[in-house]
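Structure, as structure tokens:
Bear in mind these aren't lab numbers, they're just calculated from the coordinates by the rules spelled out. The structure displayed is predicted, hence computed values, not measured ones. Cβ atoms come from the backbone with ideal geometry, glycine included; neighbour counts cover every protein chain shown.
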Amino acid sequence: MALLTCKDVTLGYEGMVVTENVNFSIKHGDYLCIVGENGSGKSTLMKTILKLVNPLKGEIITGDGLKQKEIGYLPQQTMVQRDFPASVSEIVLSGYLNRCGLRPFYTKGEKRLAEDNMRKMDILDLKDQCYRELSGGQQQRVLLARALCAAKKMILLDEPVSGLDPKVAREMYELIYKLNKEDGITVVMISHDINEAVRYADKILHIGSNSPLFFGDTRDYVKSGIADSFIRTKEAE
Ligand SMILES: Nc1ncnc2c1ncn2[C@@H]1O[C@H](COP(=O)(O)OP(=O)(O)O)[C@@H](O)[C@H]1O
Ligand SMILES: [Mg+2]
């Protein structure tokens, strides 16, 4: 059974349809990349999966034992967030907040796992530093470690490398790839870089302005030619 199934979903906001007929499913261990033009509804889809936004029609069903709170999320970055005045370890640990309930502290186990996640992201030596003093690439690794604290099974990443230089972006992609292949974490990533998307992902969802253009295996996506026209358009700019 799929971890998550999106069935005949219409995405949008009160009185405004963004995209219709969204149908796809995600299985355990998948690496799905969501691509599409700006404003096509990629971030809205992620927020709908997280239940931060309601679908206007259709439904999103979780299965295979996946609980809503086992989904980690790395939101699209804004300048305000980049200036957040807290230490690296405070931010990573805050990934546990919605599991704490009314408990006003983190358990030893949570602290140990937070350290493990910081080690995985190679930021353990930065743990007492202030987040806003870090480089863009380091900040994204902190947020990824945070998302991993929240996630046991699936992480949703909204343009995790935007604003990073190509070398740092590549390192970030490699880290995400390792999480998927070595730790078995299901990855759903929005990417504006179609070349990188087809390099790493096993599955592609391409959202157009009114409805999805493609959902399926990356290999079939490349064969379909949809990617070609998209890449050509980008080069022509
Ligand atoms: N909170 C909101 N309320 C109303 N409209 C929104 C909101 N957030 C985004 N939109 C609109 O929904 C459309 C899709 O946005 P978004 O999902 O952010 O696109 P993408 O991530 O693909 O660039 C855009 O037209 C955007 O202006
Ligand atoms: Mg977006």
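Would you mind computing Rg(Cα) / (2.2 N^0.38 Å) for the chain, counting N as its residues?
Working: Rg = 17.8 Å, N = 237, 2.2 N^0.38 = 17.6 Å.
Against the empirical 2.2 N^0.38 Å value, I get 1.01 for the chain.
Taking the Cβ of residue 183 as the centre, find all other residues whose Cβ is under 11 Å away and add up their charges (Lys, Arg: +1; Asp, Glu: -1). Don't skip to the answer; put the middle values down first.
On the way: positive: 120, 152, 153, 178, 181; negative: 116, 182.
Every neighbour counted, the sum reads +3.
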Name the shape class, rounded, prolate or oblate, that the alpha-carbon gyration tensor gives for segment 32-86, where a ≥ b ≥ c are the square roots of its eigenvalues, rounded holds for a/c under 1.5, and otherwise prolate holds if a/b is larger than b/c and oblate otherwise.
oblate
Report ³J(HN,Hα) in whole Hz for each residue of segment 157-166, in order, from the Karplus equation J = 6.51 cos²θ - 1.76 cosθ + 1.60 where θ = phi - 60°; Gly and Pro get x.
10, 9, 6, x, 10, 5, x, 8, 6, x
Which percent of Cα-Cα pairs in segment 79-152 sits in each 10 Å bin, short to long?
21, 55, 23, 1
Give the aspartates and glutamates reachable from residue 67 as a straight Cα distance under 18 Å; neighbours fewer than 8 places away on the same chain don't count.
30, 59
Please name whichever of 39, 107, 184 sits farthest to the positive end of the charge dipole of the chain, dipole taken about the Cα centre and charges placed at Cβ: Lys and Arg +1, Asp and Glu -1.
107
Write down the percent of antiparallel bridges among all DSSP beta bridges whose residues are both part of the chain, to the nearest 5.
50
Based on the alpha carbon coordinates of segment 1-132, what radius of gyration and maximum Cα-Cα distance (Dmax) apply, in Å?
17.6, 48
For labels at residue 59 and residue 84 in the simple 7 Å Cα→Cβ model, what's the distance in nm?
3.4
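Treating only the Cβ atoms of Lys and Arg (+1) and Asp and Glu (-1) as charged, compute the dipole magnitude of segment 1-70 about its Cα centre; round to the nearest 20 debye.
Details: 8 positive and 8 negative charges, 40 e Å.
Value, rounded to 20: 200 debye.
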Tell me which residues come under 5 Å, amide H to amide H, from residue 190 once H is placed; ignore anything under 5 positions away on its chain.
34, 157, 158, 159
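Mind putting a number on the dipole of segment 79-152 about its Cα centre? Charges go on the C-beta only, +1 for Lys and Arg and -1 for Asp and Glu, and I need it in Debye to the nearest 20.
Working: 13 positive and 9 negative charges, 71 e Å.
Approximately 340 debye in magnitude.
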Using amide H atoms built 1.01 Å from N in the peptide plane, name the residues 5+ places from residue 213, or on other chains, whose amide H lies under 5 Å from its own.
206, 207, 208
The helix 136-150 Cα axis meets the longest alpha-carbon principal axis of the chain at an angle in degrees, between 0 and 90 and rounded to 10, of 90
Degrees, to the nearest 10: 226-236 long Cα axis against longest axis of the chain
80
Segment 132-204: C-alpha gyration tensor shape, a/c 1.5 cut-off, then a/b vs b/c
oblate
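Starting from the Cα-Cα distance between residue 16 and residue 165, subtract it from 0.36 nm times their residue separation and give me the gain in nm to one decimal.
On the way: separation 149, 0.36 × 149 = 53.64 nm, distance 3.53 nm.
Net length gain for the segment: 50.1 nm.
Placing +1 at every Lys and Arg Cβ and -1 at every Asp and Glu Cβ, with all other atoms neutral, what dipole size does the chain have around its Cα centre, in debye to the nearest 20?
Numbers: 32 positive and 32 negative charges, 154 e Å.
Computed charge dipole of the chain: roughly 740 debye.
Which of 57/181; 51/152; 42/69; 108/178; 27/167; 153/223 have a Cα-Cα distance over 28 Å?
Correct reply: 57/181; 27/167; 153/223.
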Listed peptides 125-132, 144-151, 201-208, 157-164 by packing density, highest first (mean Cβ within 10 Å):
144-151, 201-208, 157-164, 125-132
Interchain or long-range residues, amide H under 5 Å from residue 73's placed H
156
